[in-house]
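Please read the structure below before turning to the comments.
The values are calculated or read from the model by the stated rules, or taken from the named source; none is laboratory data. Everything numeric in this text was worked out from a predicted model, so none of it was measured. All Cβ positions, glycine included, derive from the backbone under ideal geometry; neighbour counts span all protein chains shown.
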Amino acid sequence: MTGDYIKTGTTNVPDERGYFGDFGGRFVPETLIPALDELVIAYREAMADPEFQGRLAHLQRTYTGRPTPVTYAKRLSDHLGGAQIYLKREDLAHTGAHKINNALGQALLAQRMGKKRVVAETGAGQHGVASATASALLGLECIVYMGSVDMARQQPNVFRMKLLGATCVPVESGSKTLKDAINEAIRDWVTNVETTFYLLGSALGPHPYPMMVRDFQSVIGIEAREQIVQEAGRLPDVCIACVGGGSNAIGLFHAFREDEYVELIGVEAGGHGISGGEHAARFADPNIGRIGVLQGTKSFVMQNADGQIVNTHSISAGLDYASVGPEHAYLRQSERAYYTYATDDEALNALQTLSKLEGIIPALESSHAVAEAIKRAPTMPKDTHRAHQPLRAR
């Protein structure tokens, strides 16, 4: 892998204002505008700097363990009797998830900007672990905000963050999950903007974060595109990924954007089912999934008729979020990507099926994409190939 694997400007979005079509932008307090302007300039300069690119690529090879492989899921494919399924193995990256790609890139940027302190949010805990890991590597102070509900169901990741030297702050407001952790991280950033870098974990928030996270995660799709051609002899017919905020999905999709015959499918958290409202499927439920603004960006948001954010539910903490990255809203609006959902029960069944047939235990988040593959594969010819969701470890 060379030092210039991150390709910016390969699409016409976002524009200079940070909009992906009708979505995106910067909806933040005035005190943060200078910080965001500074970040845009620093990011553009870093992306144009061969030394920065080379250092990041070197660390991705020697520290993260890239490239991660693509694994042919033969037993699962044979069991389903249809499309051939390939898995992009982000679970084999250092820390066990794709989150390290973005965390390492942003931490290097923080160091380049002279920031000594990093704040981050986390839901499932993987971004918190990745942020703590990158901060430990580079000697940065790291504060991670995490909803107390998520802390209770992700104790092993809380332990890992503390072991890595990070301060893990429980958030008791609101639903005590990812949305509330982001709120607290932003408050911290506003208060300490001169010395602090906000290491946002998903492809959401104010510009330039959706673009920046996409670019750092695009290594997933760049590798997968090359690897599937080597393994299968051609591009896939379908790419499937789970979508919470949507960083892993946009990282996979980005390399296939111009391949019009490659279908892109995002899978949201269907929770207990759409009809009861206990889910986190922003696109699937028109009764509460509407265009709005949440935490700095314009996208689809789960809200009531009065514009109040409604509670979400998912068995997977990483998908339990009321909004979605603006580029996903744009891809849906432009009909370049299709979005569906999997319920908690379907995700659990997919986790068990993949584990028993392939000896690979996916995260609950990734299991939502596995569930969609299980639904679709039997209806497709055996010569159909799909590059599946970037997996991460549980």
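Of note:
- Given (1) over 12 Å from the mean Cα position of the chain (by Cα); (2) buried (at least 24 other Cβ atoms within 10 Å of the Cβ); (3) in the same structural domain as Asp345 (by TED's automatic domain parsing), index of the condition Leu252 fails: (1)
- Hits in the stretch 271-315 - residues which are of a type in the set (A, V, I, L, M, F, W, C), within 15 Å of Gly244 (Cα to Cα) and not in a loop (DSSP other than H, G, I, E, B): Ala280, Leu294, Phe300, Val301, Met302
- Thr353 being in contact (Cβ under 8 Å) with a residue 24 or more places away in the chain, surrounded by fewer than 24 Cβ atoms within 10 Å (Cβ to Cβ), hydroxyl-bearing (Ser, Thr, Tyr) and not in a strand (DSSP E or B): yes
- Whichever residue in the stretch 157-168 is without any contact (Cβ under 8 Å) to a residue 24 or more places away in the chain and of a type outside the set (Phe, Trp, Tyr) and, among such residues, is surrounded by the fewest Cβ atoms within 10 Å (Cβ to Cβ): Leu163
- In the stretch 234-248, the residues that are in a helix (DSSP H, G or I) form Cβ pairs under 6 Å with partners that are modelled with pLDDT of 95 or more and of a type outside the set (S, T, N, Q), at six or more places apart or across chains, as follows: Ser247/Ala203; Ser247/Val213; Asn248/His98; Asn248/Ala241.
- In summary, Glu335 fulfils each of the numbered conditions (1) modelled with pLDDT of 95 or more; (2) part of a loop (DSSP other than H, G, I, E, B); (3) surrounded by 15 or more Cβ atoms within 10 Å (Cβ to Cβ) with the single exception of condition (3).
- Lone unmet requirement of (1) at pLDDT 95 or above; (2) assigned to a loop (DSSP other than H, G, I, E, B); (3) closer than 21 Å to Leu319 by Cα for Lys176: (1)
- Selection count where residues are surrounded by fewer than 24 Cβ atoms within 10 Å (Cβ to Cβ) and more than 22 Å from Ser355 (Cα to Cα), scope the stretch 69-117: 10
- One residue alone among Ala337, Ala322, Ala342 is within 21 Å of Gly147 (Cα to Cα), assigned by TED's automatic domain parsing to the domain that holds Glu90, touching a strand residue (DSSP E or B) at 6+ places or on another chain (Cβ under 8 Å) and among the small types (Gly, Ala, Ser), and that residue is Ala322.
- Residue selected from the stretch 123-153 under the condition of a type in the set (S, T, N, Q) and more than 19 Å from Ala322 (Cβ to Cβ), by the criterion modelled with the lowest pLDDT: Gln126
Yes or no, residue by residue, for (1) of a type outside the set (Lys, Arg); (2) under 22 Å from the mean Cα position of the chain (by Cα):
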{"position": "Thr62", "(1), (2)": "yes, no"}
{"position": "Lys74", "(1), (2)": "no, no"}
{"position": "Tyr86", "(1), (2)": "yes, yes"}
{"position": "Gly96", "(1), (2)": "yes, yes"}
{"position": "Asn102", "(1), (2)": "yes, yes"}
{"position": "Gln111", "(1), (2)": "yes, no"}
{"position": "Arg117", "(1), (2)": "no, no"}
{"position": "Thr122", "(1), (2)": "yes, yes"}
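- Within the stretch 169-187, considering residues that are surrounded by 21 or more Cβ atoms within 10 Å (Cβ to Cβ) and among the hydrophobic types (A, V, I, L, M, F, W, C), the one nearest to Gln126 (Cα to Cα): Leu178
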